[in-house]
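**Q** Submitted below is the structure of interest, expressed as structure tokens.
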Amino acid sequence: MKLSRLRTCVIAVVVIAVAAGLSGCTRDNHDLPSLEATHTPTPSANLEAIAKAYYDCMTDAGIHVELDQNDHGQLAVVQFTGANSVMWHSPNGNEGFMSSGSFDQKAMDDFLSGVGDDEAKLMIDGVDRSEEYGQCLTESGYDEMAAWGDVTRDPAQMEQQIASNNKWAACARENGWPDVQDSTLLNDVDWPTIVLPLTITDDQLRQLLEACPNFNPELVQWWQDNPTATGYPDNYLPDPSISFDIPWMSTGQGPGWTPDPQQQADIDRMNHLNDILNEKMNEYNVQQGG
């Protein structure tokens, strides 16, 4: 439920896309994704123990984190949580931003200025927590990329996501958006996604989400009550994966790319719309005290 930038591509889960990370997220393939698993889980008996040690260290330091599953159902991923503004840079080059508000590119740029490639840096609500962060990483041996494991596309998970997306798209078509298509593929993210027009207004998007919710709090509670589960329960589907169409992204942007004024305006608009997509989830997290 947060954003992680792993140098090459932006994965927007709670907040928004980071402008500097858009180069790997092109959208020139609109076919449905393959339902064949492309990798098998890498045996990694120690991943969960390492994640637990890192989680315990961070929690003892008063830093709000949560254990999450990787693609193989292992509780090996530790993510920041809470209604905080969090920016981080890990020694292996992973960078991220998490907030219940809008993404602030200048704040992220200022945070990263002067950071060494192998430096651990963490800022939470303007407070520097780099020392504790670096210590926990070193003592536990936690590595974010290793925690996620080999990328896998489990056929059952893909089918469930496609079913959820297509159900949501059908609802959108029934509620004033007849051009919304079923699942497409976002290249390099390799996950079925519904694409909405960037021209949708704030009011239109909120009205659409009222008619066709994109967040199910019951499912969140179910995962909390069943932390060792490896799949969705009967009669539940994952929340739909929704993005916005920016045609120029399909051309790709190389290293050192800087958006022109119109591109930056598109990025800012997408960020704002993603904030609206996540309003209900953020409200739920605040209500839960997370």
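**Q** Looking only at the range 237-271, count how many residues are part of a helix (DSSP H, G or I) and either surrounded by 15 or more Cβ atoms within 10 Å (Cβ to Cβ) or modelled with pLDDT under 85 (or both).
**A** Narrowing the range 237-271 to residues part of a helix (DSSP H, G or I): 247-251, 261-271.
The next check asks that each one be either surrounded by 15 or more Cβ atoms within 10 Å (Cβ to Cβ) or modelled with pLDDT under 85 (or both); those that pass are 247-251, 263, 266-271.
Result for the range 237-271: 12.
**Q** Separate question: Take the range 221-236 and flag every residue that is in a loop (DSSP other than H, G, I, E, B) and over 19 Å from ALA163 (Cα atoms).
**A** Residues satisfying the conditions are ASN226, PRO227, THR228, ALA229.
**Q** Across the range 94-104, what is the number of residues that are modelled with pLDDT of 70 or more, touching a helix residue (DSSP H, G or I) at 6+ places or on another chain (Cβ under 8 Å) and surrounded by 17 or more Cβ atoms within 10 Å (Cβ to Cβ)? Steps first, answer last, please.
**A** Here is the first cut: in the range 94-104, the residues modelled with pLDDT of 70 or more are 94-99, 104.
The next check asks that each one be touching a helix residue (DSSP H, G or I) at 6+ places or on another chain (Cβ under 8 Å); those that pass are 94-95, 97.
Among the residues that remain, those that are also surrounded by 17 or more Cβ atoms within 10 Å (Cβ to Cβ) are: 95, 97.
The number of residues fulfilling the criteria is 2.
**Q** Anything in the range 124-144 that is in a helix (DSSP H, G or I) and aliphatic (A, V, I, L, M)? List them, or say none.
**A** Correct list: LEU137 only.
**Q** How many of the residues in the range 91-123 are part of a loop (DSSP other than H, G, I, E, B), more than 17 Å from the chain's Cα centre (by Cα) and on the phi < 0 side of the Ramachandran plot?
**A** Summing the residues that are part of a loop (DSSP other than H, G, I, E, B), more than 17 Å from the chain's Cα centre (by Cα) and on the phi < 0 side of the Ramachandran plot in the range 91-123 gives 9.
**Q** Right, next: Looking at SER130, SER140, can you tell me which residue is in contact with a helix residue (DSSP H, G or I) (Cβ under 8 Å, 6 or more places away or on another chain), hydroxyl-bearing (Ser, Thr, Tyr) and modelled with pLDDT of 90 or more? Outline the logic, then answer.
**A** Working: SER130 fails: in contact with a helix residue (DSSP H, G or I) (Cβ under 8 Å, 6 or more places away or on another chain).
Result: SER140 is the single residue among SER130, SER140 that is in contact with a helix residue (DSSP H, G or I) (Cβ under 8 Å, 6 or more places away or on another chain), hydroxyl-bearing (Ser, Thr, Tyr) and modelled with pLDDT of 90 or more.
The values are calculated or read from the model by the stated rules, or taken from the named source; none is laboratory data. All of these numbers come straight from a predicted model, not from anything done at the bench. A quick note on method: Cβ atoms are made from the backbone with ideal geometry, for glycine too, and the neighbour counts reach across all protein chains shown.
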